[in-house]
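Below is one structure, written out as structure tokens; the observations come after it.
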Amino acid sequence: MKKVRLKDIANRASVSQNTVSLALRDSSSVKKETKEEILQIAEEMGYISNTMDNSVKNICLLTSTQAQTDPYYFYEAKELLEARLRISGYGLLVNNILLHNLDIDYLKEFFKMNYIKGIIIMGGFPKEIINSILACEIPVIDSGFCNYNSFMDCVMEENSAGIMKMVSYLREHGYQKMGFIGNPKKSQAYLERYLGFVGALEIFDMENCNDWIIKNIDIDTDSSYEKVYKDILKALKSTASMPEVFICASDRIALGTIHALKDLNVKIPEEIGVVGFDNSKLVADSNPRLATISPNNEIQMEMIVNLLFKRIEEKNFSKIRIIVPIEIIHGETIK
């Protein structure tokens with residue numbers, strides 16, 4: 001009797017082999033109707049899963065809750081990765097359950113059973129988790145975060161330099177008094193953006209007013225937009241003066257800032273300008289259209305996949321850190 005392969009099931013179901021693989025493992029990433037159809041076909045064809053199918057290749061995207069603070073950014077990055085990997089015959093498996101089990105033998109078995117050929121880490125993870133993942137000896141690329149405690153490949157946007165470029169750009173458009181909104185304790189990206197802002201004030205010999213730097217806002221994953229907006233509004237109400245423009249650590253924070261300023265009857269951009277960071281899908285729906293900083297996600301995801309494939313093929317070349325230049329999007333919230 002001829003052995004039934006995943007490819008055979010995929011052809012009959014008119015789906016990819018990776019979709020079949022995920023369905024047979026009861027993955028939530030496959031629609032219920034599709035999963036039921038695949039399981040029915042597999043049963044009819046007499047499929048027996050007792051050996052690994054080397055034709056199936058998956059990349060595992062490990063995420064922390066921190067990385068999903070801005071769901072618009074996270075899902076855009078995920079979609080870009082999936083599209084790029086699909087071209088090369090790979091599937092993408094998103095997972096954060098590994099946070100609960102650091103046993104190396106468990107992790108190795110998990111990666112083996114899910115046909116994982118490489119790993120992309122998105123989010124800040126404790127040193128212990130990173131070390132356990134690295135011990136599995138599977139190629140790993142860090143996306144958007146540089147784990148300084150571990151020697152590993154990394155691709156990220158220029159956060160500090162990007163903010164400095166925006167400060168310089170705003171100066172060219174007549175702005176001199178600038179503020180920053182974002183909690184540097186919440187993520188490495190926010191920290192680097194905050195440090196870039198403070199550094200720019202020093203380099204350009206600009207006024208550094210504590211009232212214009214708002215850091216105590218709640219931006220955790222489960223924080224609603226309403227909570228972010230109210231934190232910003234409360235901080236703005238307590239300031240003795242206002243800058244000419246606020247640079248925000250993300251688009252989500254920038255839109256909360258616009259909402260809060262409107263409640264205070266501040267005209268944007270006539271009285272105060274607002275700038276975001278991420279160029280997320282939120283920008284398209286904003287009114288007025290938000291000025292922002294694009295981290296060039298498409299380039300980042302392309303670089304991540306290319307670097308990961310190179311690492312899969314050639315594991316011994318030197319670890320590298322790639323910084324992708326930002327792009328300034330003028331928008332309607334600055335003059």
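Values in this text are rule-based calculations from the coordinates and carry no lab data. Small disclaimer: the values here were computed from a predicted structure and weren't measured. Cβ sites come from the backbone with ideal geometry, for glycine too, and all protein chains shown count toward neighbours.
Summary table below
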read-out	value
Separation of alpha-carbon centers, the stretch 28-46 and the stretch 229-292, rounded to whole Å	48
Residue with peak Gaussian network fluctuation, the chain [Cα springs, cutoff 10 Å], from C136, C248, C154	C136
Zero-based 10 Å bins, Cα pair distances in the chain, whole percents	5, 24, 28, 20, 14, 7, 2, 0, 0
Amide H contacts under 5 Å for K177, placed H, 5+ residues apart	E244
Approximate spin-label separation M113-E172, in nm, with each point projected 7 Å along Cα-to-Cβ	5.5
Over the stretch 159-294, equivalent-ellipsoid semi-axes from the Cα gyration tensor in Å	20, 17, 15
Residue-wise HN-Hα coupling along the stretch 320-334, computed from phi with Karplus coefficients 6.51, -1.76, 1.60 (Hz; x: Gly, Pro)	9, 10, 9, 10, 8, x, 8, 10, 7, 10, 4, x, 10, 9, 10
Peptide ranges 310-318, 273-281, 8-16 listed from the most packed, as the mean C-beta count within 10 angstrom indicates	273-281, 8-16, 310-318
Nonlocal amide H pairs with E158, under 5 Å, H built at 1.01 Å	V324, I326
Other-chain or far-sequence residues with amide H under 5 Å of V274's (modelled H)	F246, I334
